[in-house]
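Readers should treat all values here as calculations from the given coordinates under stated rules, not as data from a laboratory. Quick caveat: nothing in here was measured; it's all calculated off a predicted structure. Ideal geometry is used to build each Cβ from the backbone, glycine not excepted, and the neighbour counts take in all protein chains shown.
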Amino acid sequence: MATLPFAVRAQSAADPAAESLPLAPQVKGSRPKANTKVVPPAATTLGPELQDLRAPNSLALPTKPEQVQIRELRPLGLSDVETLAEVNNPNLKVIASQVDQAQSNLRAQISLWYPTLSLSASGLPSYTGGKQGATGLAASTSGSSTTTDRWFVGGQLQASWALINPQRVPAVAAARDGFEKAKDQYLVALRELRLQVAVSYFDLQQSDDSVRIGQESVRASLISLRDARARFQAGVATKLEVLEAETQLARDEQLLTTSLASQAIARRALASLLDLPQTVTPTAKDPARVIGTWLPSLQESIVAAYAFREELDQALLDISIANSTANQALGAVQPFLNIFNTLIAGAYNGRQSVLVDLPGSTGWNLDNTLGLNVTWNIFDGGAAAARSRASKQQAQQYTFEFAKRRDAIRQEVETSFYELEKDNRNITTTSREVISAREALRLARLRFQAGVTTQREVVDNQRDLTQAEVRYSSAISSYNKRLAELRRRTGLDQIALCTPSVLPAKKPVLDGVTSVPVEPIPLQPACQAAKSAL
């Protein structure tokens, strides 16, 4: 008894409830077409305020240091960077070019349905010359010698039309599916670019917030060091407390240095994604804040992802292309029938040639042939059947790829959804932590000034506040990233925007902390800095 293939046995052993699920070809069609309406179209032009940020020439290459020196810091909003990316990004232009290439290939395959007309010239013109003489008895009999001096012009015009071509229909079908697949790839690239831009912008906002936190930490450490030195000079504090304050200041300066480096890297990463001019660096115009709330449920998000993700359509198109390739391979051993008409014309002028046997010295000829041409490769050793079978097996492989992509899409949506819930809770807890740590630092500083506690308590509370603010900023950035991922992975844009907070025109001053200047620290060579610690 024949055994079932492993894949068939695995499917038959699956959950019977899965049999009630509709199949993808029934839902999307066996050859789904790209739906450009599910994705907002990409911007093609820049507004007047962004005209000077158009991408440089694709082949431009700076050769002088001043050509890459940053001369402008341009504040940009999230909508600005999305527009710039859609207009400037070279990767999106590459995908758009591939769509044009697929369309041209489709047009080339459609031309198989049309007749062909070719013109060739056999002599344009050709010349034949020669001379023949006789000696002895032949010379006395034939008289003088003969000469050849002849010009010839000729050409051939042939028209052909394939009445029967078994490979034509599957070739056109495969090219059409390839064109649809290229358009789907463009939509995928556009979605991915918008996600990358949003993530890069949120990273830049977080780096800006890290710089702000680092500056506030340095200011707080400067105040603590000032108080510790004043108490030490007054004789009510020990040298240990001064050293603790100096240690905390060095730690906060290191945090600020790291944040400044991360900020510079985030800015240039965004500039690379936007393909900005070499002398411009973008900055975040908007501060980090929660964008909104994701409205659809987890189940609605998963179903929407199955409906709108072009990756699943691409898998179905791969199956269709493989089947068309299989049919095209079988067409190689089927009969081909062509109708053709050949017109040959020529004209000659010159003496009668003894070298070329053509009568007369001047004339023309015209020959027209109309007929059918049949070609049939009856036996090829089974090569066509083997190639067809390989393409069918590849189509079966793509069905498994479809299942793989489907499962991956669900996992992506679920991961982003659960991460969003986690970040939502983290925003709540870290915000309370920041408020508590800020108040604890205020009380600790008052206790230290009153002489009822040590510098260690102030240092610990200050470190707790810095870490709490870093976690709060990270939670907001991560939350916004998860929102952007859900928009990308589901195709939905159902976000309830947050009501903007009403803030005073002037930033409040907390305990004189913001009035303390943070002086820039000169950069020492690494060798010299390492020696100072020895």
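For the pair the range 275-345 and the range 397-413, the centres of their Cα atoms are 15 angstrom apart. Which one of THR342, LEU73, GLY123 has its Cα pushed farthest toward the positive end of the charge dipole of the chain, where Lys and Arg give +1 and Asp and Glu give -1 at the Cβ? Result: GLY123, furthest along the dipole toward the positive end.
If the limit is 24 Å between Cα atoms, which of LYS285/LYS506; LYS93/LYS183; LYS33/LYS93; LYS28/LYS183; LYS64/LYS93 go over it? Working shown, then result.
On the way: LYS285/LYS506 18 Å; LYS93/LYS183 13 Å; LYS33/LYS93 21 Å; LYS28/LYS183 16 Å; LYS64/LYS93 27 Å.
In this structure, LYS64/LYS93 exceed 24 Å between Cα atoms.
When DSSP beta bridges are limited to those with both residues in the chain, what percentage is antiparallel, rounded to the nearest 5?
Working: 45 of 50 bridges.
Among the beta bridges of the chain, antiparallel pairing accounts for roughly 90 percent.
So which aspartates and glutamates pass the test for LYS239, namely a Cα distance under 18 Å, with those fewer than 8 places away in the same chain ruled out? In chain and number order, the partners are ASP227, GLU457, ASP460.
Please report, in debye to the nearest 20, how large the charge dipole of the chain is about its Cα centre when each Lys and Arg carries +1 at its beta carbon and each Asp and Glu carries -1 there. Could the numbers behind the result be given before it?
Numbers: 57 positive and 52 negative charges, 34 e Å.
So the dipole magnitude of the chain works out to roughly 160 debye.
Go ahead and estimate [θ] at 222 nm for the chain from helices alone: -39,500 (n - 2.57) per DSSP H run with n ≥ 4, summed, over the residue count, rounded to 500.
Theoretical 222 nm ellipticity from helices: -19500 deg cm²/dmol.
Of all lysines in the structure, the ones whose alpha carbon falls short of 17 Å from that of LYS422, not counting any fewer than 8 places away in one chain, are LYS481.
Mind checking the full-extension length gain between LYS239 and ARG456? Use 0.36 nm per residue of separation minus the Cα-Cα distance, one decimal, nm.
Full extension from LYS239 to ARG456 adds 76.9 nm.
Using the Cα atoms of the chain to build a convex hull, what is its mean projected area in square nanometres? Intermediate values should be presented prior to the final figure.
Numbers: hull surface 205.2 nm².
Answer in nm², one decimal: 51.3.
Extension gain for ASN91 to LYS392 (0.36 nm times residue separation, less C-alpha to C-alpha distance): 105.0 nm.
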